[in-house]
Amino acid sequence: MGQDEGKRLAAEAALEYVEEDTIVGVGTGSTVDRFIDALAAKRMKLQGAVSSSEASTQRLRSHGIDVVDLNSAGRLSLYVDGADESNRFLQLIKGGGGALTREKIVASASDRFVCIADESKLVDVLGAFPLPVEVIPMARSTVARELVRLGGRPELRQGFTTDNGNVILDVHGLSITEPLKLEQTLNNIPGVVTNGLFALRPADVLLLGSASGVRRVDPE
Ligand code: 5RP
């Protein structure tokens, strides 16, 4: 069984957390795609979904699920999203798909964040996956210089523009031992919209899919 099957199992396990007649926050990525498909297959009666990207919006609508604006949805009880890495405190690196800013907004508007992933995503120390940073285009070079000063090797994600019209710098070479501190430091650089560390608002539950089934991980 490969990572694909692990993603599918984790995505299906997240259905247990979804309550009928609610608005669900929906993340972005291949694992979330499976969650959206599973939601539709179950024909669950929902008020709708708040989406974190144009890609997820399209997929939700293709299944006939209403997409609701966050401004009219109010606070959400549940957000379901994937991750590129998680440590045992359920602090995450996200943004491999470039949707980090909207994902962070919807996660912060939600009471419970259920993260779904295959087992390869659980790591001891965050940072082997390059940390995505969304940047206003005119600040690309100044932000990159600051990221080098902080010990990283930023690379412009080529040919990619976020749903918000910005660019992504993927920062290599960071060993992130203090995720909370780094998340705040990066967010204070002028021109940074946000970064892919989810430490201020970590996940509440991690569902890890693997050959042996789905393992629930709670934060240490
Ligand atoms: C998108 C994300 C995704 O959740 C993350 O990249 C994981 O993706 P996948 O489920 O395809 O492994 O943060 O911005």
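Odds and ends about this structure:
- Test result for T194, within 14 Å of the ligand (Cβ to nearest atom) and not aliphatic (A, V, I, L, M): yes
- Enumeration of residues in the stretch 81-103 that are over 15 Å from L174 (Cβ atoms) and either more than 8 Å from the ligand (Cβ to nearest atom) or at pLDDT below 95 (or both): S86, R88, F89, L90, T101, R102
- Boolean, L70 is within 16 Å of the ligand (Cβ to nearest atom) and open to solvent by 10 Å² or more (accessible area, probe 1.4 Å): no
- Cross-chain or 6+ apart pairs with Cβ under 9 Å, the stretch 121-136 first and over 22 Å from N188 (Cβ atoms) and open to solvent by 60 Å² or more (accessible area, probe 1.4 Å), then at pLDDT below 95 and part of a loop (DSSP other than H, G, I, E, B): V125/S175; A128/S175
- L174 modelled with pLDDT under 95 and either out of contact with any His (no Cβ under 9 Å at 6 or more places or on another chain) or in a strand (DSSP E or B) (or both): yes
- If you go through the stretch 114-164 and keep only what is of a type outside the set (A, V, I, L, M, F, W, C), farther than 30 Å from V205 by Cα and in a helix (DSSP H, G or I), you end up with P137, R140, S141, T142, R145, E146, R149.
- Where strands (runs of 3 or more DSSP E) fall entirely within the stretch 7-93, those with at least 1 residues that are touching a residue at least 60 places away in the same chain (Cβ under 8 Å) are at 23-26, 76-81.
- Some residue of the stretch 147-162 being of a type in the set (D, E), open to solvent by 60 Å² or more (accessible area, probe 1.4 Å) and within 14 Å of the ligand (Cβ to nearest atom): no
- One residue from G196, G191, G213, G165 being more than 18 Å from the chain's Cα centre (by Cα), within 23 Å of Q3 (Cβ to Cβ) and either crowded, with 20+ Cβ neighbours inside 10 Å or not aromatic (F, W, Y) (or both): G213
- Applying the criterion of being open to solvent by 40 Å² or more (accessible area, probe 1.4 Å) and within 16 Å of the ligand (Cβ to nearest atom) to the residues of the stretch 10-32, the residue that is nearest to E103 (Cα to Cα) is S30.
The values are calculated or read from the model by the stated rules, or taken from the named source; none is laboratory data. Note that the coordinates shown come from a computational prediction; the quantities given were computed from them, not determined experimentally. Neighbour counts are summed over all protein chains in view; Cβ atoms, including those assigned to glycine, are modelled from backbone coordinates with ideal geometry. Side chains are part of the model used for accessible areas, which takes the heavy atoms of the whole protein and leaves out ligands, DNA and RNA. Shrake-Rupley method; radii C 1.70, N 1.55, O 1.52, S 1.80 Å.
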